[in-house]
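Worksheet: the structure to be examined is printed underneath.
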Amino acid sequence: ADKEFLVRQREVLRLLNKVHEPNRFKEQAELGRSYDPTAHFSKYKNAVPVKRMVKEYMAGHMLPRGAIFTLFNNKHREEMITVFESFFFAEDWDTFYRTACWARDRVNEGQFIYALSLAVLHREDTRGIVLPPAYEIYPHLFVNSEVIHAAYKAKMRQEPAVVRMNFTGTIRNPEQRVAYLGEDVGMNSHHSHWHMDFPFWWKQEEYGVHKDRKGELFYYMHHQLIARFDAERLSNDLPIVEPLYWDEKIVDGFYPQTTYRVGGEFPARPDNFEFHDLEHIKVKDMMDYTRRIREAISQQAVVTRTGEMVSLNNTQGIDILGCMVEPSHDSKHPEYYGALHNYGHIMLGQITDPKGKFNMPPGVMEHFETATRDPAFFRLHKYIDNLFKLHKDLLPHYTMEELGFNGVTIQDLTVDDLVTYFEDFDIDMLNALDDTAELQDVDIKARVRRLNHKPFSVQVTVNSERDAMAVVRIFLAPKYDWFGQEIPINEKRLYMIEIDKFVTKVNKGTTVVQRKSSESSVTIPDRETTKVLTKRVEEALQGKTTYMVNKDVRHCGYPDRLLLPKGKKDGMIFTMYVIVTDYETEKVNDLPYDYEYGGAISYCGTLAGHKYPVNKPMGFPFDRQIDGDNFCTPNMFQKDVIITFKDTI
Ligand code: CUO
């Protein structure tokens, strides 16, 4: 990497270091004090936001430092967007950097981190810069109260410590059996980064950065999260997750046992709680939005703000619907179709203090970093997903032509042993603890249990009548339901988890396509720790080592450890499906191998500005209804595989 890039990477790491404390890096702190944005308005492509930011700050209107920031609060979000836009519209790195130094010690910490991260992820001159893992920037959102207390104690004693973190609750709560998924720090980091790559408030035209198939990805990524949650439930003898309803009790409560840095514990929800009207959102609104969305789905058209009808009866329908249900900035008619999903998060987040009588802080559902900890997250998203299913079920079945690949046959599929296990993982807690003048930083880690699997590979033997480029899709679904009944294919397709999707060449004759689990287009490896990253950057700056920049680096991506569901000790049977299709007919971009983008495209799409590389619907061929049991065309193959969970390996 060139020096300029390394300096930028270093400054970003410094800006995100202990944001709750005054900036400890002299040069940044000094710049923060001396830089006056009002003297440099010409240095912003659009100076309206930076003007507003300074004005609002001076007037004391912004969310103060120390207060809890949530993206779901309109005022909090609007302010954060102003900060983000001030960063994003800065004409060059220098202006951006100075603006960030200015904001670092003034703007609310949560807003600052969010806005800065978004700017780094979207500015051209910061491409390739790696952000620290979210669980190291604000560990409070990822580990429970017990751990924070123990970490403080260790710091007071000035003793390095490793604090064991247990999953929330006890075994008397059956839902706790799958807490290892909902509370997995990598999974929460993936989810929060997905929402940073596809913010619902993103103004495509204004920012000039298009987010390809954003609404469809909203559907598909969350659909996959639920399918994966269901696979974990079946692995733990739990029935699949049921959707919630606005007028029904939420049977399972949730006690997060997690604490804000300042502002107390996350609110808990006892068993059998009901939805209540909030000040600005009524239960009836939720039912009205649902009814209107259902009407749009059944008539296969949505009405826009200007009264036009837009058809849903095509492959793009899901994208329109996704934007409408989330809703994103691109919703065709937000006043009419409302904000079903986002309000769902708020309704659940504020359920125990709907009128704000007790001034409780936001619930776990009001942060993307913490949402999946609450099992109700999956219930809300199942509810949403069932709406998408209604839409997909009205589309025509795939024809043999759409499913097939002329002259190409899969002859065989072999898979290595699939073995899962639990392992320990340590999170650096340095950022969680306040500094005091007298106390030095000591090494304090939270040790969590997490699921992992042995690396495996899949071999697909393909016969082809000619040389061809093929798209290979690999899926996995449980074979039996909770009652032990074999799941028919038209239902099984809903529990299908994507394992991989890639482009490869098949030669005339026989080709054995081999693919490793580590290459999956669904996942990313463990994020590098701040400590290691900082050290690498410093050493490279001193010329001691070289630093390779990956311009396509992804922060979004399902953790590679979680690629397989847990399975069972005695083995659990899943069915693996492989389908190869013709890349020539579905490719979108001209480049021959335009398929990596940091390697997490399946759930995370492409980086800003790129087109999604294939035009088939996400989840193809399982996103639409399937008739009968004879689903497989010659270019598909299915095989039962066994996932065995081992306590230790
Ligand atoms: Cu990701 Cu509801 O959209 O949490």
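The values are calculated or read from the model by the stated rules, or taken from the named source; none is laboratory data. All values derive from a computational prediction rather than experimental measurement. As a convention, Cβ positions derive from the backbone with ideal geometry for all residues, glycine included, and neighbour counts pool all protein chains shown. The area values use the complete protein model at the heavy-atom level, side chains included, leaving out ligands, DNA and RNA. Shrake-Rupley method; radii C 1.70, N 1.55, O 1.52, S 1.80 Å.
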Hey, which of these cross-link pairs are over 22 Å Cα-Cα: Lys516/Lys544; Lys501/Lys531; Lys18/Lys75; Lys505/Lys587; Lys445/Lys551? Lys516/Lys544; Lys501/Lys531; Lys18/Lys75; Lys445/Lys551
Extension gain from Glu279 to Leu541, taking 0.36 nm per residue of separation minus the Cα-Cα distance: 89.0 nm
Projected onto the charge dipole of the chain (unit charges on the beta-carbon of Lys, Arg, Asp and Glu, signs +1, +1, -1, -1), the Cα from Ala115, Phe622, Pro559 with the largest positive-side position is that of Ala115
Whole-angstrom gap from segment 169-232 to segment 328-387, using each part's C-alpha centre: 13 Å
Could you tell me what % of all Cα pairs in segment 329-420 have separations over 23 Å? 56 percent
Exceeding 29 Å between C-alpha atoms, which entries from my cross-link table qualify? They are Lys332/Lys616; Lys249/Lys355; Lys284/Lys616. Lys284/Lys616
Sites Arg164 and Glu528, calculated FRET efficiency, Cβ-Cβ separation with R0 22 Å, nearest 0.05: 0.40
Inverse mean reciprocal Cα-Cα distance (Kirkwood Rh) of segment 406-494, Å: 18.9 Å
Given Cα pairs under 8 Å that are at least 6 residues apart, what percent is the relative contact order of segment 482-600? 34 percent
So Asp412 and Val251, fully extended at 0.36 nm per residue minus their Cα-Cα distance, gain in nm 53.4 nm
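May I ask you to derive the relative contact order of the chain, considering only C-alpha pairs under 8 Å and at least 6 residues apart, and to give it as an integer percent?
The normalised contact order for the chain reaches 17 percent.
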Descending packing, highest mean Cβ count within 10 Å first, for 506-519, 222-235, 340-353, 547-560 is 222-235, 340-353, 547-560, 506-519
Sort 281-293, 315-327 by packing, meaning the average of other beta carbons within 10 Å per residue, with the highest value first. 315-327, 281-293
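Apply 1/(1 + (r/R0)^6) to the Cβ-Cβ distance of Asn46 and Lys505, taking R0 = 56 Å, and write down the FRET efficiency to the nearest 0.05. If you can, show how the numbers build up before the last one.
Numbers: r = 46 Å, r/R0 = 0.82.
For R0 = 56 Å, the calculated efficiency reads 0.75.
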How much FRET efficiency would the formula 1/(1 + (r/R0)^6) give for Lys516 and Gln485, where r is the Cβ-Cβ distance and R0 is 25 Å, rounded to 0.05? 0.15
Arg172 versus Asn550: modelled label distance in nm, points set 7 Å from Cα along the beta carbon direction: 4.6 nm
Helix 185-197 axis, angle to the chain major axis (alpha carbon atoms, nearest 10°): 80 degrees
Just the number, please: carbon plus sulfur as a percent of the accessible area of the chain, 1.4 Å probe, no ligands or DNA/RNA counted. 50 percent
Asp590 paired with Asp125, simple spin-label distance in nm, labels 7 Å along Cα-to-beta-carbon: 3.0 nm
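Can you tell me the accessible area per residue over segment 1-106, all protein chains present, probe 1.4 angstrom, in square angstrom?
Ligands and nucleic acids excluded, the result is 45 Å² per residue.
For segment 396-547, what does the relative contact order come out to in percent, with C-alpha contacts under 8 Å and a separation of six or more?
Here the relative contact order equals 22 percent.
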What nm distance separates the two modelled labels at Glu401 and Lys355, each placed 7 Å from Cα along Cα→Cβ? 6.3 nm
Find the accessible area per residue for segment 607-649; the probe is 1.4 Å, ligands and nucleic acids are left out, and the unit is Å². 47 Å²
For segment 517-626, whose charge dipole is built from +1 on Lys and Arg Cβ atoms and -1 on Asp and Glu Cβ atoms, the candidate among Gly599, Tyr583, Thr529 with its Cα farthest towards the positive end is Thr529
Using every alpha carbon pair in the chain, what percent of pairs falls into each 10 Å bin from 0 up to the bin containing the largest distance? 3, 15, 26, 28, 19, 8, 2, 0
Per residue accessible area in Å² of segment 120-175, where ligands, DNA and RNA are left out and the probe is 1.4 Å: 45 Å²
What dipole magnitude, in Debye to the nearest 20, does the chain give about its Cα centre under +1 on Lys/Arg Cβ and -1 on Asp/Glu Cβ? 840 debye
Please enumerate, by chain and number, the aspartates and glutamates with C-alpha under 18 Å from the C-alpha of Lys43, excluding those fewer than 8 residues away in the same chain. Glu85, Glu91, Asp92, Asp94, Glu124, Asp125, Glu206
Order 88-101, 176-189 from most to least packed using the mean count of other Cβ atoms within 10 Å. 176-189, 88-101
Expressed as a fraction of 2.2 N^0.38 Å, the rule-of-thumb size for a compact globular protein of N residues, what is the C-alpha radius of gyration of segment 1-150? 1.02
Partners for Lys639 among aspartates and glutamates (Cα-Cα distance below 12 Å; same-chain residues under 8 apart left out): Asp412
